[in-house]
Amino acid sequence: GAVVSQHPSRVICKSGTSVKIECRSLDFQATTMFWYRQFPKQSLMLMATSNEGSKATYEQGVEKDKFLINHASLTLSTLTVTSAHPEDSSFYICSARDTPEGGYQPQHFGDGTRLSIL
Amino acid sequence: LAKTTQPISMDSYEGQEVNITCSHNNIATNDYITWYQQFPSQGPRFIIQGYKTKVTNEVASLFIPADRKSSTLSLPRVSLSDTAVYYCLVGEIRSQGNLIFGKGTKLSVKP
């Protein structure tokens, strides 16, 4: 089945550091990928929709200059948390959907990145 | 996107059948119902998807009544490893639109 790989799985860094998270679709091409954030004991909240070759679409309340998204190829989207602060500490998860011709597949999720800002 | 309502938590014992019901009164004609499972510190994992009546795969069954205003995920003979949060989502199948997650149901399976 479709596999989405996310890297790194865990990041611990100092306040003010910028952190890049990669999301790859391993065996399919994804024109659209999604980035979610999940705080402890809460549900996933959509942050932005990443579109290959164009600008990302951000949800209300998500700062686009803070969370930079690049979707340069059909198999890779990156999320960069710029000048991260402790309040940015969270579990970040990406997803992608394989859309084979004539068919439909549900979204597949990466295993998430645990970001801890000291 | 149709809003969904699920029980916050459920308890069960190993070997029992577990049924988790989700309400989606405002489901649209083109909406499908999808269930995901999430373990701590992992991304959600697709379980099953359906439009109407009954769908069964190797891990679960999904029952959808004729009015489609609710659905029930059925997990046969649960084990301790089925302890997780289960999310019910409703959305248009062919749209590239995002998935809106509700609070989910935390299932605790006890020995």
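Just a few scattered comments:
- Extending 7 Å from Cα along the Cβ direction at residue B:11 and again at residue B:79 yields two label points whose distance is 2.3 nm.
- Cα gyration tensor shape of chain B, rounded if a/c is under 1.5, else prolate or oblate by comparing a/b with b/c: prolate
- For the protein assembly as shown, the spread of Cα positions along each principal axis, largest first, Å: 50, 43, 31
- Share, in percent, of DSSP beta bridges within chain A that are antiparallel, nearest 5: 90 percent
- Computed from the C-alpha gyration tensor, the three semi-axes of the ellipsoid equivalent to chain A are 24, 14, 13 Å, from longest to shortest.
- As a calculated quantity, the FRET efficiency between residue A:42 and residue B:53 at R0 = 30 Å, using C-beta atoms, amounts to about 0.35.
- Residue-wise HN-Hα couplings along segment B:17-26, as the Karplus relation 6.51 cos²θ - 1.76 cosθ + 1.60 with θ = phi - 60° gives them from phi, are 8, 10, 10, 10, 9, 10, 9, 9, 4, 9 Hz; Gly and Pro carry x.
- For chain A, A:13 stand unpaired, since no other cysteine beta carbon lies under 4.7 Å from theirs.
- Summing charges over all other residues whose Cβ lies under 14 Å from the Cβ of residue B:81, with Lys and Arg as +1 and Asp and Glu as -1, gives +1.
- Options A:58, B:79, A:12, ranked by Cα towards positive dipole end of the protein assembly as shown, top entry (Cβ charges): A:12
Where a number appears in this text, it was derived from the coordinates with a stated rule and is not lab data. Being a predicted model, the structure only gives us computed values, none of them experimental. Note: ideal-geometry Cβ built from the backbone for every residue, glycine included; neighbour counts use all protein chains shown.
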